[in-house]
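Reading through the C-alpha cells given below for one structure.
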Amino acid sequence: MSRPAAGGKWHRFWQKLPLLVWLVVVWGALWQNFSPGNLLFGLAIAWGVSRALYLPPVELSGRFNLPRALWFALWFLKEIIVASCQVFLWAVAKGPRIRNAVVAVPLRSRSDLVMTAVGHVLSLIPGSLVVEVDRGTSTLYVHAMNAPTPDSVEKVRTGIQDIEVKIIRIMGSRQELAALSEEARTPGRPAQGTPPKEAQ
C-alpha cells in the first residue's frame with residue numbers, strides 16, 4: 001500500500017485559497033459591506049460551496065505585483081465613481097433613447113483566473129455587465145451602455161482589453177507579460193481571437 005504524498009491535504013488547501021479569497025472579496029463587493037462579520041459569513045458560504053460542488057483548481061502564475069495591485073485598486077474606485085456619474089447623466093439626458101450594445105471582447109489570456117477577474121471588475125463598474133463567457137476562445141460578451149456607433153463599440157472593446165492588461169501586469173504569468181512586451185513592440189497587433197461580426 002503506497003503512502004499518500006506528504007502535504008497533499010495542504011496542497012489542495014493552497015490550491016483552493018485564491019478562489020476562496022476571491023469569492024469573499026466578491027461577496028463583500030456585491031453587498032457593499034466589508035465588515036468582519038459579513039466577510040466571515042461570506043467565507044463560510046465560499047467554503048461550503050467549494051466543498052459541496054466540484055470546482056477546478058485555480059492555476060496561479062507564481063507572481064503578484066503589490067504596487068500595481070494598489071494602483072489598480074485606486075483606479076477601480078475612480079472608475080466606479082466616474083461610471084456612476086455617467087450612468088446618472090445618461091439616464092437623465094437620454095432616458096429610453098439610449099442605445100446599448102452587446103460587445104464581443106477577445107482576451108489575450110487563456111487563464112481562468114484572469115478571465116474571471118476581468119469579468120468581475122466589469123460587472124462591478126456601473127454601465128457594463130458580462131452576459132456570456134466563451135471559455136474556449138477566451139471571449140467575454142459584455143452589455144455596454146451608450147454604445148450607438150461602431151467607434152463607440154470599439155472604444156468599449158479596447159477599454160476592456162486595457163483592464164485585462166492591468167490585471168495581467170498584477171498577477172499574469174511571465175509568458176503573458178512577455179506577450180504584452182512583444183505586442184508593445186509591434187503596434188496594431190490584434191488580441192487573441194476574433195470577435196464575431198454580428199456581435200457589435
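The table for this structure:
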item: Sites residue 26 and residue 151 - FRET efficiency at Förster radius 25 Å, r taken between beta-carbons, to 0.05; result: 0.15
item: Summed residue charge, Cβ within 15 Å of residue 86's Cβ, Lys/Arg positive, Asp/Glu negative; result: +3
item: Shape call, region 64-200: gyration tensor on alpha carbons, a/c limit 1.5; result: oblate
item: Pair residue 66, residue 88: separation of 7 Å Cα→Cβ label points (nm); result: 3.6
item: Long-range lysine pairs (8 or more apart or interchain), region 64-200, Cα under 21 Å; result: 5
item: Charge-dipole axis of region 64-200 as Lys and Arg at +1 and Asp and Glu at -1 on Cβ define it, positive-most pick from 125, 64, 89; result: 89
item: Hypothetical label at residue 110: residues of region 141-176 whose amide nitrogen lies under 18 Å (7 Å Cα-Cβ projection); result: 168, 172-176
item: Spatial separation of Cα centroids for region 66-81 and region 136-154, in angstrom; result: 23
item: Sites residue 120 and residue 158, calculated FRET efficiency, Cβ-Cβ separation with R0 22 Å, nearest 0.05; result: 0.65
item: Relative contact order [Cα under 8 Å, 6+ residues apart], region 31-147, whole percent; result: 26
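Bear in mind that the values in this text are calculations on the coordinates, not laboratory data. Just so you know, these numbers come straight off a predicted model, no measurement behind them. Using ideal geometry, Cβ is built from the backbone for each residue, glycine included, and neighbour counts are taken over all protein chains shown.
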